[in-house]
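Engineer: Dropping a structure here in structure tokens format, bear with me for questions.
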Amino acid sequence: MANTQPFAEPLNGGLVTARDPALLEAGELTQADDAVYYPNDPAIHKVKGRTKYNAVALGGAGVVKGLRFLEFDAGNSYLLAHESNDLYLSAFADETGSFATTIADVGSGSTLDAVHHGNRYIALIGDTSNRLINPDTSSRQHGLAPITYLPTGTETGAPAIVSGTFNAELTTGWFFFIVTEILNDGQNPTIESTFTGKPATASAALTTPSSQAYRITRPTTINTNATGWRVYMSQFPGTNPTPIPNLNTFRLMKEMSAADTTVDIGNTGGSAARAPTGETSIVAGWSNIDKTHFEDNVGTRNSVDGATVDLQTFGFDGTLSGTVTGIEVFFRIRTPDYGVLKRIPIIFVQLSPDNGANFYPSTAAYFIPTDTPGIIAAYQRISVGGDGNKWGRTWALTDFNNANFRVRMRYGLKNNFAAASGNAIADVDFVQVKVYTTTSTPSVNVSGQSFRTVNVSVAGVTSTYPADGQPPVATTGDMFEGQMVLNDTQDQSIIRYSLPEYIESFPSIYFLNFETKVQDFVTCIRRLGNKLIVGLKQQIYRINYLPRETDAEFDRGRAYEAISETEGIVGTQASCLFSPDGGALLLAYISHAGPRYTDGFQSFSLTDDLDWGATVRLPVSGTAANYLQNCILVNYGILQQIWLYYTPPGQTTNTKALVFHYNKAHRKGNGTYKVTGPIAVAAMAATTGRIGGNEILLSGQSGGFTYVEDRGYTDASGGTLAFAVKTREIYSAGVGRTATVENLFIRHNQDATSTVTVTPYTRYSNLAQTTQAAKTFTTAQAGVPKLPFHHNHESIQWKLSEEAVVGTTGIRLSGIIMENSGTGLPEPRP
């Protein structure tokens, strides 16, 4: 017998199915089932399993179609799940939890995305409407639908001229009006719908300002959650009912509560604003409350969440006449320093007509001081209410006497978390109340805020559009240049974007359309550094900037460039950001041609090692269903892995996963990344979250359950993790020459008592492979077991697997060494 010669074969090359097994490089594998690599470790490991996160199934125990991790400024984190028609929230502080909050009837979209801005999230499911989620888990519809029609002229409900007093300085003529709805949800800045219809006027001109006024009737409610409505009037009357004035000329006249059905423009005056001279502490926390009585630059301070005081004795007795049309409360307030910015103090305000027995409105009005410019360290004047706002009730003059009338001022924190002493203080120097009534002194003026519009110039022509348009129903989006960018499920070839920092205001003119040479639609929107990537099914574009009204010329065509016009992003969950070795930020994505990534300028292959058509289920003749669009790509950054959950051939849902390894130790010579898998996991949703800064990978599966991945070596969802790796086809003596393997050595680490089965496959010439008898070893102790084999061969492959018994402990294999004899000898072939 010839001397034995060792032949070492590492296991560090990753799965390769795109090339002939005999042409693979040393270490490349033809099988890597339920196997992964870890950063800076060439050994191949058995993948870890999963534990169940929620013991009680969600809702109807259907498929968890979407998962997102929501992390708010106060440190409170939630796991958001989409099942059936509902969204569910679970406080995320441990690896087990329950979904205690339900946001019902949001629609049956097939996916879920979430965009963060201003300490709130917008959940996108592509059905009915987007949902805004606050840090306390309360939620509401994203944005408001516009008012599209107002009766005019002789129509029922049109503006009507009534007896009263107008403002003679505005002269006479045809005055035009528009109406919007507003929402004050008690937490976020007040939002306003827009008006997209035709401004309305009365059936006749106003001719006598000294004896005439306008009565405006609230139109049919569009937004059922609206808490009020506003009336705007054009500041310039027309000499005829046409032409209709430009929207830029409209100014705010009145703000009414939702309970009010009509309001008079004119015939209204106001009392002198009056300050309190007494108070009652309800919840301790305000210091030196009497400082609210005088404007002296010394205020009452508070930093206690929930502190409440009732301000009283305003001295209105005998000073009012007429009918009450509105109430306005003024505050002179400041915040001492920038320490408040994360905690965000809020001042809630209510009025009582009966010495505190009842307060109005039932949901307190409020304002966020830090929304007012210049309020840090300098007193600013802020008001709540107005000459048309009756705070949800009808008031009598006697309600304002000293014995009955109260203003309740409550301090709250939008983010109530531990902070250094002195943070989140509100300093109120002065409080005043003004009561508006029907008197002989009119308050009609055109100095109110303008109706919000955008004015854009195209080809030298400037056009005006309402600014507070309704956000589109979307499935994907991101923030870019301070603007929220969303796709539009009603027009799938465009993206729409908001005003800067106003994420609920989408002017109709703010969109980019991708009318390309192929029928296509937007699947993915992601910010990549200072660029915005828009993926369509067949193409990818880079957005360099978003055209705005401040541009000299509103030119959409120059705002974007193509990255690829042949390969797009297949679905709304088929991309993720990653940063190899802490370098440039990249976007990985799945196209119909395979896994790709982009730096925003070019597109590159994530791997060249997969026979893509044999790996995933692609649409083919006779089976046109696009299962690949349901795939999910997630960056598991702590292990420098990208997980792809996908539907394999012959299946109809995501039952497998592949792992792309982007650690520098697992990068190939051509710049692509090693792959392992498939891994047995049936996930229709996936995301990463953090507990104490530690990243956790989660999946959403059938039965209404979510799972924590990368835990233990069993599958709590009922599956089996069967580790199996198979080497390339090795011609250890060269093609046409035979060798005999005498022994096989396998370096492994200690992993309790897993049993590894070693199966050799031999071949001569172009004959079929022969499966030889297997042997086993256990991993109870680390080391290099010696397995005696005696197989003459021209080529040989080795499979190391859990064939007989799938264990519940790990496996870590560093490589194998064959002890060959007879290399090159003319040993007979069978």
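Engineer: Share of Cα-Cα pairs in the stretch 722-782 beyond 17 Å, in percent?
Structural biologist: 50 percent
Engineer: Quick one: how many Å² of Val725 are accessible to a 1.4 Å probe, rounded to 10?
Structural biologist: For Val725, solvent-accessible area is about 0 Å².
Engineer: If we count every other residue with Cβ under 15 angstrom of Pro245's Cβ, Lys/Arg +1 and Asp/Glu -1, where does the sum land?
Structural biologist: Numbers: positive: Lys198, Arg251; negative: none.
Net of charged neighbours comes to +2.
Engineer: Taking amide H positions as placed 1.01 Å from N in the peptide plane, with prolines and chain starts having none, which residues 5 or more places from Asn389, or on another chain, fall under 5 Å of its amide H?
Structural biologist: Long-range HN contacts for Asn389: Glu255, Ile327.
Engineer: Another question, then. Based on the mean of other beta carbon atoms within 10 Å per residue, what is the order of 249-261, 798-810, 90-102, most packed first?
Structural biologist: Peptide ranking by packing, descending: 249-261, 798-810, 90-102.
Engineer: Hey, what does the equivalent ellipsoid look like for the stretch 336-398, semi-axes from the Cα gyration tensor as sqrt of 5 times each eigenvalue, largest first, whole Å?
Structural biologist: Details: eigenvalues 169, 33, 18 Å².
Taking √(5λ) for each Cα gyration eigenvalue gives 29, 13, 9 Å.
Engineer: Right, another one. Can you tell which of Ser732, Thr759, Asn749 lies farthest toward the positive end of the dipole of the stretch 727-786, using +1 and -1 charges on the Cβ of basic and acidic side chains (Lys, Arg; Asp, Glu)?
Structural biologist: Ser732
Engineer: Here's something else I'd like to know. How much of the accessible area of the chain, probe 1.4 Å, is carbon plus sulfur, in whole percent?
Structural biologist: Details: 15270 of 31560 Å².
Of the solvent-accessible surface of the chain, carbon and sulfur hold 48 percent.
Engineer: While we're here: So for the chain, taking the charge dipole from beta-carbon charges (+1 Lys/Arg, -1 Asp/Glu), which of Asn513, Thr655, Ser383 sits furthest toward the positive end?
Structural biologist: Towards the positive end, the residue furthest out is Thr655.
Engineer: Working only with C-alpha atoms, what are the Rg and Dmax values of the stretch 529-661, expressed in angstrom?
Structural biologist: 16.4, 55
Engineer: Counting only Cα, what are the radius of gyration and maximum Cα-Cα distance Dmax of the stretch 178-301, in Å?
Structural biologist: Cα radius of gyration and Dmax of the stretch 178-301 are 20.0, 60 Å respectively.
Engineer: While we're here: May I have the extent of the alpha carbons of the stretch 694-828 along their three principal axes, as whole Å values ordered from largest to smallest?
Structural biologist: 62, 33, 27
Engineer: Still on this structure, I have one more. May I have the pair-distance distribution P(r) for the chain, computed from all Cα-Cα distances with 20 Å bins from 0 and rounded to whole percent?
Structural biologist: 14, 36, 28, 15, 6, 1, 0
Engineer: Taking 2.2 N^0.38 Å as the expected size of a compact globular protein, what ratio does the Cα radius of gyration of the stretch 588-630 give against it, to two decimals?
Structural biologist: In units of the 2.2 N^0.38 Å rule of thumb, it is 1.29.
Engineer: Quick one: dipole size for the stretch 295-355, taken about the Cα centre, charges +1 on Lys/Arg Cβ and -1 on Asp/Glu Cβ, in debye to the nearest 20.
Structural biologist: Values: 5 positive and 8 negative charges, 78 e Å.
Using only the charged Cβ atoms, the result is roughly 380 debye.
Engineer: Rolling a 1.4 Å sphere over the protein heavy atoms, what is the accessible area per residue of the chain, to the nearest Å²?
Structural biologist: On a per-residue basis, the chain sits at 38 Å².
Engineer: Given contacts defined as C-alpha pairs under 8 Å and at least six residues apart, what's the relative contact order of the chain, whole-number percent? Show your work: numbers first, answer last.
Structural biologist: On the way: 2370 pairs, mean separation 131.1, N = 830.
Result for the chain is 16 percent.
Engineer: Something else: Output the Cα-based Rg and Dmax of the stretch 435-484 in Å, rounding Rg to one decimal and Dmax to a whole number.
Structural biologist: Taking only Cα atoms of the stretch 435-484, I get Rg and Dmax of 19.1, 55 Å.
Engineer: Give the accessible area for Met233 in Å² (nearest 10); use a 1.4 Å probe, count only protein heavy atoms, and leave out ligands, DNA and RNA.
Structural biologist: Estimated to the nearest 10 Å², Met233 gives 0 Å².
Engineer: For labels at Asn749 and Ala584 in the simple 7 Å Cα→Cβ model, what's the distance in nm?
Structural biologist: The modelled label-to-label distance comes out at 3.3 nm.
Engineer: Another one. Only helical DSSP H runs with n ≥ 4 go in: add -39500 (n - 2.57) per run for the chain, normalise by residue count and round the 222 nm mean residue ellipticity to 500 deg cm²/dmol.
Structural biologist: My calculation for the chain gives 0 deg cm²/dmol from helical runs alone.
Engineer: Something else: Taking the mean number of other Cβ atoms within 10 Å as a proxy for protection, how do you rank 544-552, 61-69, 650-658, 755-763 from highest to lowest?
Structural biologist: Packing order, densest peptide first, comes out as 61-69, 755-763, 650-658, 544-552.
Engineer: Would you list Ile344, Ile796 from the most to the least accessible area, probe 1.4 Å?
Structural biologist: Most to least solvent-accessible, the answer reads Ile344, Ile796.
Engineer: With label points built 7 Å along Cα→Cβ from the Cα atoms of Thr770 and Thr323, find their separation and express it in nm.
Structural biologist: Going by the 7 Å Cα→Cβ label model, 10.6 nm.
Engineer: Step through the residues of the stretch 173-178 one at a time and calculate ³J(HN,Hα) from phi using the Karplus curve (6.51 cos²θ - 1.76 cosθ + 1.60, θ = phi - 60°), rounding each to whole Hz and writing x for Gly and Pro.
Structural biologist: Coupling constants for the stretch 173-178: x, 9, 9, 10, 9, 9 Hz.
Engineer: A follow-up question, please. Rounded to the nearest 0.05, what FRET efficiency is calculated for Asn455 and Lys668 with R0 set to 56 Å and r the Cβ-Cβ distance?
Structural biologist: Computed FRET efficiency for Asn455 and Lys668: 0.55.
The values are calculated or read from the model by the stated rules, or taken from the named source; none is laboratory data. Note that the structure is a prediction, hence the values are computed from the model and not measured. Quick reminder, even Gly has a Cβ in these numbers, built from the backbone with ideal geometry, and neighbours come from all protein chains shown. Protein only, heavy atoms only, side chains kept; ligands, DNA and RNA dropped before computing areas. Shrake-Rupley method; radii C 1.70, N 1.55, O 1.52, S 1.80 Å.
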